[in-house]
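Reading through the structure tokens given below for one structure.
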Amino acid sequence: MDIYQVVEAILVWIISGLGDTIITPLFGLLATIIEFFLSLIDGFFDLFGWDTDIVGFFEPLTSFIRDFTEFLLSDTVMSILTALVVGIVILVLVMLQVIIFIYMERKIFGRIGDRRGPKYVGLIDHGFLQQIADALKLFLKEIITPEKSDKMLYHVAPVILISSTLMILAALPFSEGFYISAPKGGILFIMAMFAVAPIAILVGGWASNNKYTLIGGMRSAAMMMSYEIPLLLTIAAVIILAGTFDSIGIVQAQSDFGMWYGIPMILGFIIFMICIVAEVERIPFDLPEAEAELVEGWTTEYGGMRLGLIWLTEYTRMYCGAAIGAILFLGGWSGPTIPVPGLDVISGEIWISVKIYIIILLFIWIRWSLPRVRTDQILHFGWRRLLPLALFNVFIAIGIKILGDMWGWF
Amino acid sequence: MVSIDEKRYPGRKRPPQSAYEQRYAKGRRTKFLGIRGYVIRPMWLALKSALRATFGSQPDVFYTDKRGPNTLLYPKEKLQLPDLYRGKNEVVWQCCIGCELCARICPNQCIEMEVFEADRVSDMPEELLGPNRSTQDEKKNQIKRPGIDFGRCMFCGNCEEYCPTGAMRMTDEFELANSSRDALVFEAELLRVEPYTLEGEVKLQNKIREIPLVDSDNCTGCQLCMRNCPTRCIEMVDGPKLRKDKPIKNPKVDTSKCVGCATCMSNCKFNALKMEAV
């Protein structure tokens, strides 16, 4: 589904439909009123014998107001409007799914912990509205800034985290046509935006002026290198095979290859999953937010809806990580077309959603099963196990590429 | 290799290990290490727990492997209580003889006896007649029944255990919470249970295993003990002492009926009675 075409068609339909009935008469009336006042001023000047043509001087403005519908329907304005609406639509869709993930996480955690999970707040006795209730609670809380904190950095750190996370969504395609933008270096941009978060965590932890937050921020900076390099090496292996940095091109290359990259590079897929769990800072690698050791980690001093947004951002990062995993290793949106009228148009989006949800179920399962590792353990694991294995994976990718070129696999 | 025990205590052998020690000495934990012990096994256990909690077939049976989630939706579902659970008391008024043994035995002294006007024997159907003094004796139509302050009660169950007729019982009801302390004071009427059908005659059991002994030096034969005895087990007989050349009447306890409630002792004004363990 090409979302830009669909949204533009809907916008054109709405504006042209409203144009004859509402916009043109309303703006025409506005232009007439302006002309009336302008002619009054003109008459006032006529009293002094000055021959002025104020109405004629403001003619471009009034005609612009009269032709406002045509202005809206012009190509430039329409493309800007469409881009805005597409961004909002994808943002809202992702945020809705994030709310579903939080519900899933709490429910599955409950079942793993031999409990029932959210139960009472909801329409039909299954706690569907628990997240809404929690968000309302967070909204009602007072926003407190610690007295001795670095005020500016304290307020800026969540902004860095949230904005960098939302910028991942700007370059993340969900199918050939369903994206905000699909730049040629999309994967590079996404990984760069992913890597901004430890800076925000370090800044927030330092600015809060609290020993727990500072330790959390330092841990984030310390563990960053150990998982970032193997992660980028596995992505490099995929890019060697696909020959492009473009997300859409990578998925296309997988369907040309005839196989998901996760199957020949199962090693790389496992390394990628481990590193992406560390990247989105979930158990077993949630060192900056170790609840048992540091009170609430680097978010200890944050409260209210700011804390709620930080949590929401973590789940958005989880969603983006799962989407990248699906695109790079599980064939993205490639899959058989669903033979149901209405669903066949969005079958690509449905397939990538299924893959994303499976990866997220895996994330949740891992989170509530495994213990948290120590800082030295993740450093040891990242540098001495994952890095050589990721290099080996790159060799596998080069081998497949060379042999494929020789024997004409693709 | 010589173990530390043998170095320290030469010639002495260690006692054999218990089953618990043996299990942990063999190393149930050391059996699974590495990726199997730290990744695969916990994830498998978590999956098993989640599946059992979700698809458990017997949601109301606990302590089995086939149950549902371990938590109860409390107001809707309630825990199955064991048979001997000690909750709020109830008193079968028809059985109670008003002996005050429960009030005497209570460690927290939370039981108080209340006095009521009782019905006459003639008003009651005969099969409901218990060994109640008020119903047996037409001269005295007062009865005493226990009321309990549950704010002080510790649910030890002594009152139920020592009650000679089994009138005091403990139910499964545990929802006694209230916002005021006064509401926790349950008067005798609130503990009353009726109707109650007696199966034959109520057996009087001396569960505390004490009976009164008479000191004939102090006894004046005033008959207070006989009048107040809830089971009417005291009978006045000629004692060894004389007054105006006549023997003083001393109480004689029928041990087959005495319940050891010490009402006679507390009513005696001359310290002529004291309780002795049988």
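The values are calculated or read from the model by the stated rules, or taken from the named source; none is laboratory data. This is a predicted model, so every value here is computed, not measured. Here the Cβ is made from the backbone with ideal geometry for all residues, glycine too, and neighbour counts use every protein chain on show. Side chains are part of the model used for accessible areas, which takes the heavy atoms of the whole protein and leaves out ligands, DNA and RNA. Shrake-Rupley method; radii C 1.70, N 1.55, O 1.52, S 1.80 Å.
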Just give me the residues in segment A:100-114 being touching a residue at least 24 places away in the same chain (Cβ under 8 Å), away from every other protein chain (no Cβ under 12 Å) and open to solvent by 60 Å² or more (accessible area, probe 1.4 Å), in sequence order.
A:106
Quick check, is residue B:232 more than 22 Å from the chain's Cα centre (by Cα), under 26 Å from residue B:105 (Cβ atoms) and touching a residue at least 24 places away in the same chain (Cβ under 8 Å)?
yes
Apart from one, (1) modelled with pLDDT of 75 or more; (2) within 10 Å of another protein chain (Cβ to nearest Cβ); (3) more than 19 Å from residue B:173 (Cβ to Cβ) all hold for residue B:67; the odd one out is (1)
Just to be sure before I move on: is residue A:306 in contact (Cβ under 8 Å) with a residue 12 or more places away in the chain and in a loop (DSSP other than H, G, I, E, B) in the structure I sent?
no
In segment A:131-173, anything in a loop (DSSP other than H, G, I, E, B) and open to solvent by 90 Å² or more (accessible area, probe 1.4 Å) is listed as A:140, A:141, A:142, A:143, A:144, A:147, A:148
For segment B:202-229, what are the residues that are assigned to a loop (DSSP other than H, G, I, E, B), over 20 Å from the mean Cα position of the chain (by Cα) and closer than 13 Å to residue B:275 by Cβ?
B:215
What are the residue pairs meeting all of these: first residue in segment A:130-152, first residue over 26 Å from residue A:100 (Cα atoms) and modelled with pLDDT under 90, second residue of a type in the set (Asp, Glu) and in a loop (DSSP other than H, G, I, E, B), Cβ atoms under 9 Å, and 6 or more apart or on different chains?
A:144/A:301; A:145/A:301; A:146/A:301; A:149/A:301
Is one or more of the residues making up segment A:366-373 among the β-branched types (Val, Ile, Thr) and under 23 Å from residue A:315 (Cα atoms)?
yes
So residue A:122 ticks every box in (1) away from chain B (no Cβ under 14 Å); (2) among the small types (Gly, Ala, Ser); (3) without any contact (Cβ under 8 Å) to a residue 24 or more places away in the chain; (4) in a loop (DSSP other than H, G, I, E, B) but one. Which box is left unticked?
(1)
Among the numbered conditions (1) at pLDDT 75 or above; (2) in a loop (DSSP other than H, G, I, E, B), tell me where residue B:49 comes up short.
(2)
At positive phi, among the small types (Gly, Ala, Ser), more than 14 Å from chain B (Cβ to nearest Cβ) and open to solvent by less than 80 Å² (accessible area, probe 1.4 Å): which single residue out of A:56, A:43, A:49, A:117 fits that description?
A:49
For the list (1) crowded, with 20+ Cβ neighbours inside 10 Å; (2) over 19 Å from the mean Cα position of the chain (by Cα), I need the number of the one condition that residue A:282 fails.
(2)
Being among the polar types (S, T, N, Q) and over 28 Å from residue A:210 (Cβ atoms) is the filter here; which residues of segment A:104-154 pass it?
A:130
Criterion: more than 11 Å from every other protein chain (Cβ to nearest Cβ), at pLDDT 80 or above and either farther than 30 Å from residue B:190 by Cα or open to solvent by less than 90 Å² (accessible area, probe 1.4 Å) (or both) - qualifying residue of B:91, B:2, B:61:
B:91
If residue B:86 meets every condition in (1) more than 30 Å from residue B:230 (Cβ to Cβ); (2) more than 10 Å from chain A (Cβ to nearest Cβ); (3) open to solvent by 70 Å² or more (accessible area, probe 1.4 Å); (4) at pLDDT 65 or above apart from one, which number is that one?
(1)
Looking at segment B:254-261, is at least one residue open to solvent by 20 Å² or more (accessible area, probe 1.4 Å) and in contact with a Cys (Cβ under 6 Å, 6 or more places away or on another chain)?
yes
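Would a scan of segment A:26-40 turn up a residue that is closer than 30 Å to residue A:169 by Cβ and part of a helix (DSSP H, G or I)?
Quick first cut of segment A:26-40, residues closer than 30 Å to residue A:169 by Cβ only: none.
No, segment A:26-40 has no match at all.
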Residues in segment A:362-408 that are open to solvent by 80 Å² or more (accessible area, probe 1.4 Å) and under 22 Å from residue A:323 (Cβ atoms): how many?
0
Checked A:87, A:117, A:127 against criteria (of a type in the set (Gly, Ala, Ser), closer than 30 Å to residue A:320 by Cα, in a loop (DSSP other than H, G, I, E, B) and touching a residue at least 24 places away in the same chain (Cβ under 8 Å)); the one match is A:127
May I ask you to list the residues in segment A:215-242 that are open to solvent by 30 Å² or more (accessible area, probe 1.4 Å) and without any contact (Cβ under 8 Å) to a residue 40 or more places away in the chain?
A:218, A:221, A:224
